[in-house]
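Trainee: Got a structure here, written out as structure tokens. Questions coming.
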Amino acid sequence: RLLIIDFGSQVTQLIARRLRELNVYCEIHPFNAVDAEFLDRFAPRAAILSGGPDSVTRPGSPRAPDRLFEMGIPVLGICYGQQVMTLQLGGTVEGGHHAEFGRAFVTPAQGHAGDAIFAGLFDQGREEVWMSHGDRVTALPPGFEVVGTSPGAPYAMIGDAARRLYAVQFHPEVHHTPHGRRLLENFTRLAGFTGDWTMGAYRAEAVERIRAHVGDGRVICGLSGGVDSAVAAVLIHEAIGDRLTCVFVDHGLLRQGEAEEVVTMFRDAYNIPLIHADEAERFLSALDGVTDPEEKRKTIGRLFIDVFDMHAKSVGQVEFLGQGTLYPDVIESVSVTGGPSVTIKSHHNVGGLPEKMGLKLVEPLRELFKDEVRALGRELGLPERFIGRHPFPGPGLAIRCPGGITPEKLEILRRADAIYLDQIRRHGLYDEIWQAFVVLLPVRSVGVMGDGRSYDYVCALRAVTSVDGMTADYYPFSHDFLSETAGRIIGEVRGINRVTYDITSKPPGTIEWE
Ligand code: XMP
């Protein structure tokens, strides 16, 4: 296994992610938890030192244990990690006068183009890399040579091939370094990793970690109907069996058939103890007369916590709360914006459950990205249809029903939404689209149906493409698709007599209407 020593960079997890993509098993440990004794116990086959926000020139700034460089294992230092390595092995680092951020190009130093660390690189003579640093190396430690340079960083890449110690000023783990992954691959290959680690192995290790963490305690887990909480729950169940209880709060704002699907899957297919809290009435009466989008979100969020808490108490003695928090959620909650930022929407999901419950957290997906969670879900045997599902917001259909919410409107919305999704699946478009849904507008329009006059609701169809939900573009359906779908909705759903298509991108729109 490979050890990543974390010096606090925002992108340390990306190093781990790239290594998992290369089928190399790694663990991240914070620098202050890694000492000589830890190293001997862990016995890494190789190590990577991450970047970090500090400056090595500051007295008391973080270091790696000296033992690391005496173990005879390959080590790769990245950015701050390069500077730590340089300084600890006898080179010098200077600060202040040459900050460099953004794109740069690295070329191999004289005579080094054929080094193992560069296998498959420099087809174009140089490699694009991403720099982000204030300090830089100014003198090499004994035994080191420059192996790659850039105009702004003469020591962009240094190495001691005999000891297999390498260090780079740039960030090979980020997307802006297009062939960074190849560099990391070369490093792991020269460290002897063959790339035979799999998601199956990850599953086994995660199960072991949960067992060690929970001991003989009990866990409660909130299910939302989404992929993340489902994968977390199945994994925890595999680890501790029926000492896990799941609570599925059904707020009556789910899509057609969704609640039944979740309950059947968990109870019947996985045999996981499940409380199906049918709280539709409570939520709908709390939402009665509420039309303001933020007020809706807050009402749902508050009630959700109360209701969850109530059902959790009914389970008896529980010490842990299981959550499907993903790595991007972790970054967002720790990142400091440094200034007042405007709240566009108050997001609600089961990831934000109460600390007030006094439970310890079990978050087995904390280091994974969405697509990795999907891969783990497949590994755990969750149905493909479930794993590939579009995201669905915590407040559910409430925010797809602008204005007041009534059971009647929700039913109309559910029917239209089911037809729309059926159309999308039939045309084989589901996987090309990030999210697709119907919004029922608080507007009625006049129409003529058969020989009669109609006066019914208008709905908007929404479908967007996106990679992360932060920006989005509307999906360019064909006119045929749109007319066929509108025809079906108006023909099959009583209460809707007009269909529109939303062609707003994000920004300036948001994906949801509220
Ligand atoms: P917006 O509408 O802000 O949505 O462009 C971006 C993504 O977030 C989803 N969304 C939510 N997800 N709780 C969630 O778990 C929420 O309160 C929430 N509001 C929006 C939305 O569906 C889209 O994928």
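The values are calculated or read from the model by the stated rules, or taken from the named source; none is laboratory data. This is a predicted model, so every value here is computed, not measured. Heads up, the Cβs are rebuilt from the backbone with ideal geometry, glycines too, and the neighbour counts pull from every protein chain shown.
Trainee: Can you report the number of residues in region 208-233 which are farther than 20 Å from Gly316 by Cα, touching a helix residue (DSSP H, G or I) at 6+ places or on another chain (Cβ under 8 Å) and aliphatic (A, V, I, L, M)?
Mentor: So the count comes out to 4.
Trainee: Pick from Gly217, Gly252: which is touching a residue at least 40 places away in the same chain (Cβ under 8 Å), under 27 Å from Thr510 (Cβ atoms) and out of contact with any Cys (no Cβ under 7 Å at 6 or more places or on another chain)? Even if it seems obvious, please write down each step before you answer.
Mentor: Working: Gly217 fails: under 27 Å from Thr510 (Cβ atoms).
Unique residue meeting the criteria: Gly252.
Trainee: For Ile4, indicate whether it is in contact (Cβ under 8 Å) with a residue 40 or more places away in the chain and in contact with a His (Cβ under 8 Å, 6 or more places away or on another chain). Explain how you work it out, then say what you get.
Mentor: On the way: in contact (Cβ under 8 Å) with a residue 40 or more places away in the chain: yes; in contact with a His (Cβ under 8 Å, 6 or more places away or on another chain): yes.
So Ile4 passes the test.
Trainee: Name the pairs whose Cβ atoms lie under 9 Å apart, with the first residue in region 494-514 and basic (Lys, Arg), the second within 11 Å of the ligand (Cβ to nearest atom), and 6 or more positions between them or separate chains?
Mentor: That search, which allows pairs on different chains as well, returns Lys506/Val464; Lys506/Ser466; Lys506/Gly469; Lys506/Met470; Lys506/Thr471; Lys506/Ala472.
Residue-by-condition table, conditions (1) at pLDDT 85 or above; (2) within 19 Å of the chain's Cα centre (by Cα); (3) within 12 Å of the ligand (Cβ to nearest atom); (4) assigned to a loop (DSSP other than H, G, I, E, B):
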| site | (1), (2), (3), (4) |
| --- | --- |
| Ile344 | no, no, yes, yes |
| Leu365 | yes, yes, no, yes |
| Leu368 | yes, yes, no, yes |
| Glu372 | yes, yes, no, no |
| Gly377 | yes, yes, no, no |
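Trainee: Would you mention how many residues in region 382-405 are free of Cβ contacts under 8 Å to residues at least 60 places away in the same chain and part of a loop (DSSP other than H, G, I, E, B)? Outline the logic, then answer.
Mentor: Of all residues in region 382-405, those free of Cβ contacts under 8 Å to residues at least 60 places away in the same chain come to 384-385, 388, 390, 401.
Within this subset, residues satisfying the condition of being part of a loop (DSSP other than H, G, I, E, B) are 388, 390, 401.
The total comes to 3.
Trainee: Of the residues Thr471, Thr485, which is over 22 Å from Gly403 (Cβ atoms), β-branched (Val, Ile, Thr) and either surrounded by fewer than 18 Cβ atoms within 10 Å (Cβ to Cβ) or assigned by TED's automatic domain parsing to the domain that holds Lys345 (or both)?
Mentor: Numbers: Thr485 fails: either surrounded by fewer than 18 Cβ atoms within 10 Å (Cβ to Cβ) or assigned by TED's automatic domain parsing to the domain that holds Lys345 (or both).
Being over 22 Å from Gly403 (Cβ atoms), β-branched (Val, Ile, Thr) and either surrounded by fewer than 18 Cβ atoms within 10 Å (Cβ to Cβ) or assigned by TED's automatic domain parsing to the domain that holds Lys345 (or both) holds for just one of Thr471, Thr485, which is Thr471.
Trainee: Ok, one more. Quick one: which residue in Ala233, Ala204 is crowded, with 22+ Cβ neighbours inside 10 Å, small (Gly, Ala, Ser) and assigned to a helix (DSSP H, G or I)? Show your work before the answer.
Mentor: Working: Ala204 fails: crowded, with 22+ Cβ neighbours inside 10 Å.
Residue meeting the stated conditions: Ala233.
Trainee: I need a count of the residues in region 29-59 that are assigned to a helix (DSSP H, G or I) and surrounded by 12 or more Cβ atoms within 10 Å (Cβ to Cβ). Spell out how you get there, then give the answer.
Mentor: We begin by selecting, within region 29-59, every residue assigned to a helix (DSSP H, G or I); these are 31-33, 36-42.
Still in the list and also surrounded by 12 or more Cβ atoms within 10 Å (Cβ to Cβ): 31, 36, 38-39, 42.
Residues that pass the stated criteria total 5.
Trainee: With the structure loaded, tell me whether Arg414 is among the charged types (D, E, K, R) and away from the ligand (no atom under 16 Å from the Cβ) or whether it fails that test.
Mentor: On the way: among the charged types (D, E, K, R): yes; away from the ligand (no atom under 16 Å from the Cβ): yes.
For Arg414, the condition - among the charged types (D, E, K, R) and away from the ligand (no atom under 16 Å from the Cβ) - is met.
Trainee: Counting only residues that are touching a strand residue (DSSP E or B) at 6+ places or on another chain (Cβ under 7 Å) and within 11 Å of the ligand (Cβ to nearest atom), give me the strands (runs of 3 or more DSSP E) lying completely in region 424-514 with at least 2 of them. I'd like the intermediate steps shown before the answer.
Mentor: Working: elements: 435-449, 452-465, 496-501.
Answer list for region 424-514: 435-449, 452-465.
Trainee: May I pose another question? Could you please give the count of residues in region 387-409 that are within 10 Å of the ligand (Cβ to nearest atom) and more than 13 Å from Leu441 (Cα to Cα)?
Mentor: The number of residues fulfilling the criteria is 7.
Trainee: While we're looking at this one, here's another question. Restricting to region 88-115, name every residue that is surrounded by 19 or more Cβ atoms within 10 Å (Cβ to Cβ) and within 20 Å of Ser50 (Cα to Cα).
Mentor: Leu89, Gly91, Val93, Ala104, Val106
Trainee: Only residues that are touching a Pro at 6+ places or on another chain (Cβ under 8 Å) and among the aromatic types (Phe, Trp, Tyr): list them for region 87-136, please.
Mentor: Across region 87-136, the qualifying residues are Phe105, Phe118, Phe122.
Trainee: I'd like the full set of residues that are part of a loop (DSSP other than H, G, I, E, B), among the charged types (D, E, K, R) and in contact with an Asp or Glu (Cβ under 9 Å, 6 or more places away or on another chain), limited to region 60-97. Steps first, please.
Mentor: If we filter region 60-97 for residues that are part of a loop (DSSP other than H, G, I, E, B), which is where we start, we get 60-65, 71-74, 79, 89-91, 95-97.
Still in the running and among the charged types (D, E, K, R): 63.
Scanning region 60-97 gives no hits.
Trainee: Can you tell me which residues in region 278-334 are hydrophobic (A, V, I, L, M, F, W, C), at pLDDT below 95 and assigned to a loop (DSSP other than H, G, I, E, B)?
Mentor: Val315, Val318, Leu326
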